[in-house]
Every structure is written in structure tokens, then in C-alpha cells.
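Have a look at the structure below, then the notes.
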Amino acid sequence: MKLIPAMAAAALVAGSVLAQPAHAGATLDAVKAKGFLQCGVNLGLYGFSAPDAKGNWAGLDVDVCRAVAAAVFGDASKVKYTPLSAQQRLPALQSGEIDLLARNTTWTLTRDTANGLDFTTPSYFDGQGFMVSKKLGLKSVKELNGATVCVLPGTTTEQNLSDFFRANKMSFKPVVIEKNEELNSAFFSGRCDALSSDASQLAGIRAGQASNPEDWVILPELISKEPLAPAVRQGDPQWADLVRWSQFAMVYAEEKGVTSKSVAEAAKSPDPDLQRLLGVTAGNGKAMGVDEKWAYNIIAQVGNYGESFERNVGKDSNLKLSRGLNALYTNGGLMYAMPPR
Amino acid sequence: MGGLAGLWGSRRFRGLVYQALVIGGVIAVGGWLVRNTLTNLELRGIATGFGFLGREAGFDISESLIPYTPADTYARALLVGLLNTLLISALGIVFATLIGTAVGVMRLSGNWLMARLCGVYVEAVRNVPLLLQLFVWYGLVTTLPGARQALNPLPGVFLSNRGLVIPGLDWSGGGWPVLDLPRLAGFNFTGGLTLSPEFAALLAGLTVYTAAFIAEIVRAGILSVPKGQVEAARALGLSKGQTLRLVVLPQALRVIVPPLTSQYLNVTKNSPLAIAIGYPDLVAVSNTAINQTGQAVESVALVMGVFLCISLGLSALMNWYNKRVALVSK
């Protein structure tokens with residue numbers, strides 16, 4: 001009768017905490033033994049993780065899951081997805097229900113420490129914004145004093161919103177609805193003056209759910225920093241390293257201009273950096289506990305970071321987000337891979 | 001015969017031993033569950049305990065019976081949620097009882113149209129999940145015109161998708177209250193009293209849904225009173241209304257009260273569906289608290305404890321009332 005995700009989440013924690021004792025350092029072995037990666041993703045966020053027309057999961061977050069599977073198994077398809085609500089995601093990872101959480105999750109101090117998680121490296125640098133009706137003619141977030149704001153519960157968004165209005169001595173009324181679709185329809189029907197969420201999500205909602213996307217504007221200011229990063233359980237550095245370097249490999253490939261199409265050619269290159277990355281020179285794979293061709297497989301099957309970005313949220317998608325902060329550091333962005341040597 | 005064997009022969013003693021074993025077993029399993037959970041939470045580096053209740057909540061709540069700001073603690077935020085839960089449950093119970101009783105009585109009335117209409121209402125509402133009904137109610141209230149095009153049926157009364165706004169009394173001046181008329185300022189109405197769309201939708205949903213069940217309980221209760229009683233009352237010259245009020249309902253109540261209790265409990269227990277349409281009840285607030293603190297086990301335990309207390313209290317009250325209306329054979 002009752003739909004209480006929090007209860008389910010707690011039952012999940014309690015249940016699995018009891019079921020299996022913690023085994024630090026063994027996630028990679030466990031994943032190899034069962035033959036697939038159990039990856040926690042969003043219930044459906046266009047561009048980040050949503051099933052496509054054929055029912056296959058696709059998106060920027062999904063590509064992180066696929067990259068890790070490619071590194072471990074040499075096969076990006078060996079992933080099972082667990083769609084999670086905002087409230088379920090942390091308990092699902094804490095309890096061992098999933099091996100990796102790639103679900104547009106903001107890297108915060110509390111989550112990194114008290115909640116027993118470890119974040120690898122941001123996969124998307126985002127910020128919280130506001131979408132309003134064009135008819136209101138608003139130019140700035142500062143004009144929202146007294147507004148009713150629709151917001152999802154159980155996210156950093158809710159707190160950022162309160163902080164922002166408090167800091168600017170403005171007032172607002174929150175309308176907090178748990179399901180994305182209900183929240184968005186309340187907003188589009190005019191229950192709220194503004195919808196607040198990560199700017200990338202607002203773009204996704206506008207592209208996917210507004211009857212006429214032209215009628216809605218996303219205000220220019222962002223009121224928070226939302227570095228979205230995959231997370232793993234604390235206490236297993238080998239597994240955290242594997243996820244982190246799988247991400248770095250994608251960024252590094254973009255820095256080096258290696259794409260899914262050119263990777264076979266690049267493996268023949270005399271460049272020692274590329275030879276190390278692509279496993280022509282052995283060593284990296286052994287250090288990480290996976291096959292030497294781990295990075296080769298990631299790039300061949302998933303692509304480099306730029307390819308993943310453009311395909312899912314950039315110019316080849318409906319979201320049409322610009323690279324912005326997510327451009328390579330050489331282009332004025334924040335994407336910077338540590339040297340894979 | 002040894003004393004022990006003799007004792008074992010006693011049925012009473014054996015009963016006590018078995019009961020002690022069962023209680024001991026339950027306590028041992030419970031203790032093991034708690035210990036195991038705590039150990040594993042610690043192993044995984046997850047903070048435990050209720051210390052978070054004293055920390056600043058940092059999120060706002062749209063409606064509250066007591067003063068609340070984001071600078072208040074999690075404990076106070078949860079209290080705001082609890083009061084909202086109690087408010088919606090209490091009002092839901094009152095309205096569902098009134099409507100349910102009326103519908104139950106009308107379904108038995110001689111008026112064919114009235115009886116059929118009530119029958120259709122009961123069958124339609126009872127057989128559709130409450131969650132879907134809530135979405136319909138919420139959909140209805142949010143399709144009302146916007147704040148600037150609000151319907152204004154009476155001076156000072158505005159109906160829009162921001163809710164129903166009516167004039168209120170301002171006591172802040174001290175002494176005599178001043179009439180506080182709502183007016184449109186910026187995005188919203190200020191002043192007066194506001195009935196939010198979320199509150200209205202949830203109250204309507206809970207009331208209409210539960211009233212259908214109560215109507216059936218009332219109808220069954222009335223039908224349980226032998227026909228002879230009604231005929232005797234009519235023969236004594238009591239009017240139809242008097243017969244219902246003085247003869248039928250008092251006798252029907254003893255059949256009605258026990259199942260009514262479980263309907264009242266259902267109103268309380270269905271109120272967390274509020275989360276689906278954005279009314280900040282206890283579960284909705286604790287949901288946010290869980291996500292901000294990550295302490296799911298504690299928060300859910302707290303919510304479960306609170307609901308248990310509300311339900312047990314309510315059923316104790318109804319049991320006491322049931323004793324009073326029950327027939328005492330002399």
C-alpha cells in the first residue's frame with residue numbers, strides 16, 4: 001500500500017549489512033568472480049542514465065559503468081544496472097548492493113567521510129540553476145524573492161536552495177515532490193515559479209518534458225558547485241583506483257586525440273605515452289590487477305571522454321550542452337587526466 | 001518422584017518454561033541484529049547515533065504549525081513534520097467520519113437515486129488505489145489559474161494554483177486582533193491564511209478514500225440492528241430522524257467502532273503518501289534528513305517508532321470508547 005522509499009532504503013541497509021560481512025579490498029575479486037559489474041544509476045535522467053529506444057542504458061554516467069566493465073572484463077556490456085532514487089543510492093552502495101555508484105552524485109565532505117563513501121574523480125562539473133517561464137521576464141536569480149520553487153527531495157539541491165535564499169535575505173516556498181515526473185508536471189502546470197536543480201538536469205528536463213521548450217529559460221547564474229562523481233565504498237583503495245584510472249584513461253585519450261575509431265592505429269604509434277596507456281608496454285594493467293589492454297578496451301568500446309560527452313549530452317544529443325567547465329584543461333576547462341605511467 | 005520431575009508434570013510450570021524460552025529467544029535475536037548492524041556500520045565507516053538531531057537542518061519546509069527556519073535543528077524539522085502528520089490525520093479522520101456516516105446512511109435511504117449514487121461512489125473510490133487518487137486530486141488543484149489570474153469569489157478570498165487564501169486574524173498587535181487581508185505581492189499572496197494545494201489534495205484524497213470504507217462499515221452496523229427495533233420505535237411515535245438518532249445508531253455503534261478503529265489507523269498510515277504530492281509530513285522531512293545525513297537506520301527507526309506510538313495511542317483511545325458503547329448485559 002505505502003510507497004516509502006526511505007523505508008525500503010533502510011531495509012536494504014539493515015538487510016544487507018546483516019547478510020554479508022564487509023570485505024575490504026575484495027571488490028575487484030568479487031566482481032571478477034561473479035562475471036559482471038553491478039552499477040547503480042539514475043532511474044531515468046536523459047543524457048546521464050536512461051534506457052534508449054532499444055531498452056539499453058545510455059548516458060554519461062552509464063559510460064563510466066561501461067568503461068569499468070571494459071577495463072575489468074574487456075567487455076563494456078558486462079554491466080547490470082540498478083536504477084536508484086536519490087534516497088536509495090547511498091544505502092545501496094553502503095550495503096554492498098552495488099559495486100559502483102555512477103548516478104550524478106555531488107561529491108561533498110559528509111558523503112566522503114561520515115557516509116562511508118569514496119569519490120573517484122568528477123565525471124561532470126555542474127552547478128545548481130533555476131528554470132523559469134519566459135513570460136515572467138526574469139533576468140537574474142536575485143529577482144526570485146518570494147517565489148515558490150519546485151525541488152527534488154534528498155539532494156544537495158534542497159539545502160543549497162535554503163542557503164542561497166538565506167544568504168541573500170530572500171524568502172521562498174519550497175514544493176518538495178519525490179518523483180521527477182510529478183515534480184516536473186507540477187512545475188510546468190504553474191504550481192511553482194521556478195524549478196531548481198543541476199543546470200544539466202534542467203536542460204534535460206526542458207528538452208524532454210516541456211511541451212514547448214522555447215517557453216522556458218534557464219537563468220544564467222549558478223548558485224552552487226556540483227562536481228558529479230562516481231563513488232565506491234570506503235576501504236577498498238584498489239577498486240577506487242581502478243574506477244578513477246578508467247575515467248582518467250578516457251580523458252587522457254581525448255588529450256592525446258585518440259578516439260574509438262583511431263585507437264587501433266594509435267596502438268602502433270611510437271609515442272611511449274600511448275604505448276604505456278594502450279598496453280603495448282606492459283605494466284599498468286598488472287599494477288591495477290586487470291588485463292594490460294584495459295585502457296585500449298575502454299577507448300575502443302566506450303570512446304574517449306569527449307566522444308562520450310558529445311554523444312550523451314553535447315552537440316550530438318538533444319541536450320546540446322556546451323563543454324564549459326567540462327572541456328579539457330587545454331581548452332579552458334577542468335578536465336585533466338593524471339599521467340598514466 | 002523427584003521434585004523437578006513432579007514440577008515438570010505441572011502444566012502451569014511447563015507453560016512458564018516455554019514462555020520464558022520464547023521471550024529469551026526473541027531478545028537474543030533482537031540483540032544480535034542490533035549488534036551486528038552496529039558492528040558492520042562501523043566497519044564501513046558509516047557514522048551512527050542520534051547526534052545529528054542536534055545539528056542545523058539547513059533546509060526549508062513549506063508549511064509548519066510552529067515557527068521554523070533552515071537554521072533550526074533536525075529535531076525541530078522532524079517535529080514540524082510530525083505535527084503536519086498529526087494535523088492531516090486528525091482532519092482526515094474527522095471529515096472521513098462525517099462524510100462516511102452520511103453516505104452510509106444515505107445508501108440505505110428510500111430515495112432510489114440517492115442510494116444508487118452513494119453506491120457508485122463507494123464502489124468507485126474503494127477500488128482505485130489511493131496513490132492514483134492523490135495524483136488526480138493534485139492534478140486538479142494545480143490546473144487552477146495562476147496567482148495573478150486567481151479566482152476571487154468573495155472579497156479577500158483567492159483561489160489559484162497557489163492554494164486557497166482567506167483573510168486571517170493578526171494577533172501580533174496585542175489585545176484585539178486585526179483583520180489581515182491577503183494581497184498579491186510579487187510572485188505570491190502575502191497575509192491571510194493559506195490552504196496549500198498539497199495539503200488540500202492530500203486531505204481530499206484521504207477523506208474521500210477513507211469515507212468510502214467508513215460508509216460501508218456504517219451501513220453494515222445499521223443493518224445489524226434488527227428491523228423490529230425500528231418498527232417498535234416508529235410504533236412509539238418517534239420520527240424517522242429520532243429513530244435513527246436514538247434507537248438505531250446507539251446499537252449500531254457497537255458493531256461499527258472496532259472496524260472503524262482500523263480505518264482511523266489507515267488514515268494515519270496512508271498519510272506518508274504525502275511524499276508523492278509534496279506535503280511535508282514526517283516521512284517527507286525524514287527523507288530529506290536521511291539524504292543529508294546518510295543516517296537511514298536511525299531516521300527510519302525514529303519514524304517507525306513515532307508511527308507505532310500514534311497508532312497504539314489511537315487504538316487505545318478507540319478501545320476505551322468501544323468499551324463505553326458496548327452493550328453491557330445485565
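Taking the criterion of being surrounded by fewer than 20 Cβ atoms within 10 Å (Cβ to Cβ), closer than 15 Å to residue B:168 by Cβ and more than 9 Å from chain A (Cβ to nearest Cβ), the residues of the range B:190-200 that qualify are B:191, B:193, B:195. Among the residues making up the range B:279-301, those that are among the aliphatic types (A, V, I, L, M) and either over 14 Å from residue B:80 (Cβ atoms) or within 8 Å of chain A (Cβ to nearest Cβ) (or both) are B:283, B:284, B:290, B:296, B:297, B:300, B:301. Here residue A:321 clears all of (1) closer than 25 Å to residue A:271 by Cα; (2) within 17 Å of the chain's Cα centre (by Cα) except the condition numbered (1).
Close Cβ contacts (under 6 Å, 6 or more residues apart or on different chains) running from residues in the range A:209-232 that are within 20 Å of residue A:48 (Cβ to Cβ) to residues that are among the charged types (D, E, K, R) and part of a strand (DSSP E or B) comprise A:226/A:126; A:226/A:198; A:228/A:126; A:232/A:118. For residue A:126, indicate whether it is within 11 Å of chain B (Cβ to nearest Cβ), among the acidic types (Asp, Glu) and either buried (at least 23 other Cβ atoms within 10 Å of the Cβ) or closer than 29 Å to residue B:296 by Cβ (or both). So residue A:126 does not fit the description; no. Residue-level check: of (1) within 35 Å of the chain's Cα centre (by Cα); (2) exposed (fewer than 11 other Cβ atoms within 10 Å of the Cβ), residue B:12 misses just (1). For the range A:45-65, a residue qualifies if it is over 19 Å from residue A:90 (Cβ atoms) and among the small types (Gly, Ala, Ser), and the qualifying residues are A:47, A:50, A:53, A:55, A:58, A:59. Against the test of being closer than 21 Å to residue A:305 by Cα, at pLDDT 90 or above and within 14 Å of chain B (Cβ to nearest Cβ), the options A:243, A:251, A:263, A:232 yield a single qualifying residue, A:232. Among what's in the range B:121-169 and is touching a Lys or Arg at 6+ places or on another chain (Cβ under 6 Å) and assigned to a helix (DSSP H, G or I), pick the residue that is farthest from the other protein chains (Cβ to nearest Cβ). If we take residues in the range B:121-169 being touching a Lys or Arg at 6+ places or on another chain (Cβ under 6 Å) and assigned to a helix (DSSP H, G or I), then B:147 is farthest from the other protein chains (Cβ to nearest Cβ). Which residue is farthest from the other protein chains (Cβ to nearest Cβ), if the candidates are limited to the range A:204-217 and must be of a type in the set (Gly, Ala, Ser) and surrounded by fewer than 23 Cβ atoms within 10 Å (Cβ to Cβ)? Among those that are of a type in the set (Gly, Ala, Ser) and surrounded by fewer than 23 Cβ atoms within 10 Å (Cβ to Cβ), it is A:207.
Here residue B:276 fulfils each of the conditions (1) under 21 Å from residue A:89 (Cβ atoms); (2) facing another protein chain (nearest Cβ under 7 Å); (3) surrounded by 24 or more Cβ atoms within 10 Å (Cβ to Cβ) apart from (3).
In a residue-by-residue description of the range A:86-99, the property of being in a strand (DSSP E or B), among the β-branched types (Val, Ile, Thr) and at pLDDT 90 or above applies to no position. Of the residues making up the range B:29-45, just one is surrounded by 15 or more Cβ atoms within 10 Å (Cβ to Cβ) and of a type in the set (Val, Ile, Thr), namely B:37. Checked against (1) within 14 Å of chain A (Cβ to nearest Cβ); (2) part of a helix (DSSP H, G or I); (3) more than 19 Å from the chain's Cα centre (by Cα), residue B:80 passes all but condition (3).
If I ask for residues that are over 20 Å from residue A:171 (Cα atoms), within 13 Å of chain A (Cβ to nearest Cβ) and surrounded by fewer than 18 Cβ atoms within 10 Å (Cβ to Cβ), which ones from the range B:46-77 would you list? Passing the criteria: B:47, B:48, B:49, B:51, B:55.
Of everything in the range A:80-100 that is more than 13 Å from chain B (Cβ to nearest Cβ) and crowded, with 24+ Cβ neighbours inside 10 Å, the residue that is nearest to residue A:156 (Cα to Cα) is A:100. Checking each residue in the range A:161-176 for being crowded, with 17+ Cβ neighbours inside 10 Å and more than 9 Å from every other protein chain (Cβ to nearest Cβ) picks out only A:164.
The values are calculated or read from the model by the stated rules, or taken from the named source; none is laboratory data. This is a predicted model, so every value here is computed, not measured. Methodologically, a virtual Cβ is constructed for each residue, glycine included, from the backbone with ideal geometry; neighbour enumeration extends over all protein chains shown.
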